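The values are calculated or read from the model by the stated rules, or taken from the named source; none is laboratory data. Quick caveat: nothing in here was measured; it's all calculated off a predicted structure. All Cβ positions, glycine included, derive from the backbone under ideal geometry; neighbour counts span all protein chains shown.
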Amino acid sequence: MSPPHRLLAAAATIILNSVFACVPDSTTPLANSEDGAQISMKSDNATPVGTYPNEPAGYVRLFANKADVLPNIVGWSTALSGIWQRNSTPTVSAQSDPTAPCSAPNVWNATYPVGLTAGRGPVILWGQNAAQVTEYRRWYVRACMRVGRAGQYENAPTATKIWFGTVGDAPGPGHCSVVPMIKGDGTQAVKSNWVAIAAFECSGVLPTVNFYQLPSAGRPIKSDVWQVHQWLIDAGDINQSNGRFQWWIDGKLVMDKQNQKFRTTKSGFSHGLSKWRWAPTWGGATGVKTRVDYFIFDDVYVSGNGKL
């Protein structure tokens, strides 16, 4: 297996300030996947999803992919809507998982191999509405997600970055992003549940800001369990601190960051939301993976409001 590709957006190390206790969980049987890897086939309790519960009225679908097949490596490919592409890596494949709650049976499965170093990830996969990107002030994102193996997941001390939403920066460079993450506990660990965190990173043009959970959220990200995630982003007005980021997991609001500045006239970083990237970067500057884990994604849906 060739080394995973280094992610350019993973350069910034997220400084995390709190450590949470471990809650044990049981392991589950494994089944062979199409490429010989093993994935958990545990039957989960996530409610099947046929709609988008927290999508506000008036939003229009921009791009969506049911993860039935992998996007092209060279040139854009189409899906349910929008256009899609990915980098060349042997660590990702399209597989069958009948337990996927959003659009079974097919899913995207990326493998974190033993020896993966911090700041790297198994895949970069892009989605956008068209070759000529239309920017929006507001996005709604819904996806089904499962991370880990045998009932647990080995996280880096800082975090695992889930996806990047380009905002503020032009669609091409992608230097500024909103980044939902699985928060580490300050030390490399294998656990059954995790805290959610997010960040806004903007290449020094605007300050890097961490978005923290609501106090009542607990440890809402479960290892090796299908969960339905929803995100709402309002990029706000230019030079105004009136942007907002919200995150629901299995229907429960776990994060609500308000009064955030995402766009500025400084250096021309006034763009709206434009590009979605599944780039599950493991860690920041320290740590090496000691076990195999999987990051499985299904049925990505992005809608928008407020075309810019």
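Couple of notes before you dig in:
- In region 278-288, the residues that are buried (at least 20 other Cβ atoms within 10 Å of the Cβ) and modelled with pLDDT of 95 or more: Trp278, Ala279, Pro280, Thr281, Trp282, Gly283, Gly287
- For region 232-248, a residue qualifies if it is crowded, with 23+ Cβ neighbours inside 10 Å and assigned to a strand (DSSP E or B), and the qualifying residues are Ile233, Gly243, Phe245, Trp247.
- Which listed residue, of Ile182, Ile162, is within 30 Å of Gln85 (Cα to Cα) and without any contact (Cβ under 8 Å) to a residue 40 or more places away in the chain: Ile182
- Residue list for region 249-291, restricted to those being part of a strand (DSSP E or B) and within 30 Å of Thr89 (Cα to Cα): Ile249, Leu273, Trp276, Arg277, Trp278, Trp282, Val288
- Taken over region 70-80, the criterion of being modelled with pLDDT under 95 and surrounded by 17 or more Cβ atoms within 10 Å (Cβ to Cβ) is satisfied by Ala79 alone.
- Every test in (1) touching a Gly at 6+ places or on another chain (Cβ under 6 Å); (2) crowded, with 20+ Cβ neighbours inside 10 Å is passed by Ala196 save one, and that test is (1).
- With respect to the conditions (1) at pLDDT 50 or above; (2) out of contact with any His (no Cβ under 9 Å at 6 or more places or on another chain); (3) within 30 Å of Asn210 (Cβ to Cβ); (4) in a loop (DSSP other than H, G, I, E, B), Ala12 lacks only one, and its number is (1).
- Considering residues of region 140-168 that are touching a Ser or Thr at 6+ places or on another chain (Cβ under 7 Å) and among the basic types (Lys, Arg) only, the residue surrounded by the most Cβ atoms within 10 Å (Cβ to Cβ): Lys161
- Asp234 under 17 Å from Ser270 (Cβ atoms), touching a Gly at 6+ places or on another chain (Cβ under 8 Å), among the acidic types (Asp, Glu) and at pLDDT 95 or above: yes
- Some residue of region 110-124 being assigned to a loop (DSSP other than H, G, I, E, B), over 17 Å from the mean Cα position of the chain (by Cα), closer than 15 Å to Val302 by Cβ and small (Gly, Ala, Ser): no
- All positions within region 100-119 that are buried (at least 20 other Cβ atoms within 10 Å of the Cβ) and out of contact with any helix residue (DSSP H, G or I) (no Cβ under 6 Å at 6 or more places or on another chain): Ala100, Pro101, Cys102, Ser103, Val107, Trp108, Asn109, Ala110, Thr111, Tyr112, Leu116
- Selection of region 255-268 for residues being surrounded by fewer than 22 Cβ atoms within 10 Å (Cβ to Cβ), under 21 Å from the mean Cα position of the chain (by Cα) and not basic (Lys, Arg) yields Met255, Asp256, Gln258, Gln260.
- Residues in region 60-69 that are touching a residue at least 40 places away in the same chain (Cβ under 8 Å) and either outside any strand (DSSP E or B) or surrounded by 13 or more Cβ atoms within 10 Å (Cβ to Cβ) (or both): Arg61, Leu62, Phe63, Ala64, Asn65, Lys66, Ala67.
Yes/no matrix, rows are residues, columns are (1) surrounded by fewer than 22 Cβ atoms within 10 Å (Cβ to Cβ); (2) closer than 29 Å to Ala118 by Cα; (3) of a type outside the set (Phe, Trp, Tyr):
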{"position": "Ala170", "(1), (2), (3)": "yes, yes, yes"}
{"position": "Pro173", "(1), (2), (3)": "yes, yes, yes"}
{"position": "Gly184", "(1), (2), (3)": "no, yes, yes"}
{"position": "Val190", "(1), (2), (3)": "yes, yes, yes"}
{"position": "Arg219", "(1), (2), (3)": "yes, yes, yes"}
{"position": "Gly251", "(1), (2), (3)": "yes, no, yes"}
{"position": "Ser270", "(1), (2), (3)": "yes, no, yes"}
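- Those residues of region 270-291 which are hydroxyl-bearing (Ser, Thr, Tyr) and either within 21 Å of Gly184 (Cβ to Cβ) or within 19 Å of the chain's Cα centre (by Cα) (or both), in sequence order: Ser274, Thr281, Thr286, Thr290
- Qualifying residue in region 131-139 (condition: small (Gly, Ala, Ser), within 30 Å of Lys266 (Cα to Cα) and crowded, with 20+ Cβ neighbours inside 10 Å): no
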